[in-house]
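Scroll down for the structure; my scribbles are underneath it.
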Amino acid sequence: MTDKPEEARAFGFETRQLHAGQRPDPNTGARAVPVFQTTSYVFEDPESAAAYFNLQEYGNTYSRIMNPTVAVFEERVANLEGGSGAVAFSSGIAAQAGALFTLLEPGDHVVSSSALYGGTVNQFKHLFRKMNVELTWIDPDDPDAWRGVVRPNTKAFFAETIGNPAGNVLDIEAVAAIAHEHELPLIVDNTFATPYLCRPIEWGADIVIHSATKFIGGHGTSIGGVVVEAGTFNWSNGRFPVVADPSPAYHGLQFHETFGEYGYLMKLRAETLRDLGGTLAPLNAFLFLQGLETLSLRMDRHVENARAVAAFLESHELASNVTYPGLPGSPYRTLVEKYLPRGAGAVFSFDCAGGRVGGQDLISGVTLWSHLANVGDAKSLIIHPGSTTHRQLGDDELRAAGIAPGTVRLSVGTESVEDLIWDLEQGFAHVAARAAEKVTTA
Amino acid sequence: MTDLERYQDPLTIQRVLHATKTIAIVGLSNNELRASYFVGYYLKRHGYRVIPVNPRATEILGETSYPSLQDVPVPVDLVNVFRAPDALPGIARDAVEINADALWCQFGVINEEGARIAEDGGQTVIMDRCLKVEHARYVGRMHWLGFNTQRITSVRAGLQ
């Protein structure tokens, strides 16, 4: 050991988003993170190989389970979120499935916020049923609703920091306290906030999930996800034999006893990722690392632009129900001040006048906002659920899903904000012109 | 609450990792699935001399096991404890008696009285930390598994 001892300095977020998880490569001195585009790793000798597979030594075996480029990404996100570690996946949805598979067994029950990303709703409704896992949806805005539905077989609470697309802000500290009263972990999807705007672990969350595809990557290039664990949850409390008891899938290893605060993540990697696959590709990890290097800079700009766009929409006669939680009149204002003091992200929705046709006309009228199904790109994005993701639903069914026929979702990018507002004005002018056309031709 | 942070100082941990050559592991199990066996195996692999202290075994990890610290026939730098917290005061007294430099208590082995006895006897005390994890954090390859080592440095790493 030749290293100079390192002091326990509390480095700032901007320093850590550039450095955490990586040291210059020992072989080459490469300053950038090398892309280790390899499936497998040559063992030093048979004894080392055995030690790696037995998890007695930290060693690379096979890139489905671990890869040095992916590991830098994992450690960096874990560091920024304040967790004990992280495991990356090939998508946010895969990360979520992995996080839950690791702690659930058939016959278990999960309590979830009903204000979630549609892809998560699908996963919970359909995949859980196949796994024989029961689900109770609750209104996330009422902390007491969580308490009332806990059963003996409940294994987790699940919610998003900022709900998609209606912008509900979770009272993380209150919900975590209720989860912990019942010795349950709180799992939070922090995709919309990013660790720059909110760190749920600091407020009591036990597991944090990201779709890295969004603001972490930040440039719309790669699909990926990551699970971070706080490392403080007591998996040996009697409710989680699947984590604490000797594992038949790993020759009787007791992950929590053997690895302590790293036990859940070790099991997530050595069993769940091993068996489900869904591994993040090294090149995508590299692109996410490029994204993380500028996370704080981009998020400040996203927030600044989102505030301006939301304020513009709020004052526009053809827009209503602007759900940006960062607006002064938002019902979530107190929660935003507590959990999101640097800003409430950059994704929200509003209702365009003219219902389904109005929403469609707005989309047709803009030329700078990109019409597509993603969020969290540096480029501004727009989508009209009524004519795309939810087009099969009638107006009543749409409303039941919390979406009005004219609802438009925005992901505000980092362009010159006057150009974004100019383009929305073009869109609204098109809505008005088409409405007038209909009146004249009627 | 025990004030644990004073027993978890990173500079002290790194100094102990540097200075130590011989480690007596009190409560080292012969069962290869137990945490203590994982730690003992790992430390031996990384060049430390590991001495098992376990009255119920004669040999663990290929090394002679001794019933107590007093029975260990060579000087010990570090006493690493895998026992119930209640056993710590007695172990700390033994560690002082054999003149070990430091006492390292694993996750959950928290006992204020034991720590005080060791400190009064001039020993460095680390408590509620895993020796394997801290070694892997500062010297080893913990970062290869996506764990948060908390290390931030632009100094080129040594070969691992």
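Would you say A:ASN190 is in contact with a Pro (Cβ under 7 Å, 6 or more places away or on another chain), more than 20 Å from A:ARG147 (Cα to Cα) and open to solvent by less than 40 Å² (accessible area, probe 1.4 Å)? First the steps, then the outcome.
On the way: in contact with a Pro (Cβ under 7 Å, 6 or more places away or on another chain): yes; more than 20 Å from A:ARG147 (Cα to Cα): yes; open to solvent by less than 40 Å² (accessible area, probe 1.4 Å): yes.
Taking the combined requirement at face value, the residue satisfies it.
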For this session: Restricting attention to segment B:33-59, report how many residues are open to solvent by less than 50 Å² (accessible area, probe 1.4 Å) and either within 14 Å of chain A (Cβ to nearest Cβ) or among the aromatic types (Phe, Trp, Tyr) (or both).
Result: 12
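Yes/no matrix, rows are residues, columns are (1) among the acidic types (Asp, Glu); (2) surrounded by 22 or more Cβ atoms within 10 Å (Cβ to Cβ); (3) away from chain A (no Cβ under 14 Å); (4) closer than 18 Å to B:GLN14 by Cα:
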| site | (1), (2), (3), (4) |
| --- | --- |
| B:ARG83 | no, no, yes, no |
| B:ASP86 | yes, no, yes, no |
| B:ILE91 | no, yes, yes, no |
| B:LEU103 | no, yes, yes, yes |
| B:ALA118 | no, yes, yes, no |
| B:GLY146 | no, yes, no, no |
Exercise. Could you give every pair whose Cβ atoms fall below 9 Å, whose first residue belongs to segment A:289-308 and is over 26 Å from A:ARG23 (Cβ atoms), and whose second residue is open to solvent by 50 Å² or more (accessible area, probe 1.4 Å) and assigned to a helix (DSSP H, G or I), counting only separations of at least 6 or pairs across chains?
Worked result: A:ALA308/A:GLU418
Exercise. Of the residues in segment A:220-249, how many are open to solvent by 20 Å² or more (accessible area, probe 1.4 Å) and within 13 Å of chain B (Cβ to nearest Cβ)?
Worked result: 6
For this session: Specify which of the listed residues (A:ALA88, A:ALA97, A:ALA115, A:ALA78) is part of a loop (DSSP other than H, G, I, E, B), in contact (Cβ under 8 Å) with a residue 24 or more places away in the chain and within 18 Å of the chain's Cα centre (by Cα).
Result: A:ALA115
Problem set entry | Test: residue in segment A:194-206 that is under 25 Å from A:LEU297 (Cα atoms), surrounded by 24 or more Cβ atoms within 10 Å (Cβ to Cβ), within 14 Å of chain B (Cβ to nearest Cβ) and over 12 Å from the mean Cα position of the chain (by Cα) | yes
Problem set entry | Of all residues making up segment A:370-395, the number that are crowded, with 17+ Cβ neighbours inside 10 Å and hydrophobic (A, V, I, L, M, F, W, C) | 5
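Go through segment A:13-29 and report how many residues are among the hydroxyl-bearing types (Ser, Thr, Tyr) and assigned to a helix (DSSP H, G or I).
Initial filter on segment A:13-29 (among the hydroxyl-bearing types (Ser, Thr, Tyr)): A:15, A:28.
Of the ones still in play, those that are also assigned to a helix (DSSP H, G or I) are A:15.
The number of residues fulfilling the criteria is 1.
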For this session: Filter segment A:44-72 for residues that are more than 8 Å from every other protein chain (Cβ to nearest Cβ), under 29 Å from A:THR294 (Cβ atoms) and open to solvent by less than 10 Å² (accessible area, probe 1.4 Å) and give the result.
Result: A:ASN67, A:THR69
Exercise. Name the pairs whose Cβ atoms lie under 6 Å apart, with the first residue in segment A:430-442 and under 12 Å from A:GLY358 (Cβ atoms), the second of a type in the set (Gly, Ala, Ser) and part of a helix (DSSP H, G or I), and 6 or more positions between them or separate chains?
Worked result: A:HIS430/A:GLY365; A:VAL431/A:GLY358
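The values are calculated or read from the model by the stated rules, or taken from the named source; none is laboratory data. Worth saying up front: this structure is predicted, and the values here are computed from it rather than measured. Please note: Cβ atoms are built from the backbone with ideal geometry, for glycine as well, and neighbour counts cover all protein chains shown. The area values use the complete protein model at the heavy-atom level, side chains included, leaving out ligands, DNA and RNA. Shrake-Rupley method; radii C 1.70, N 1.55, O 1.52, S 1.80 Å.
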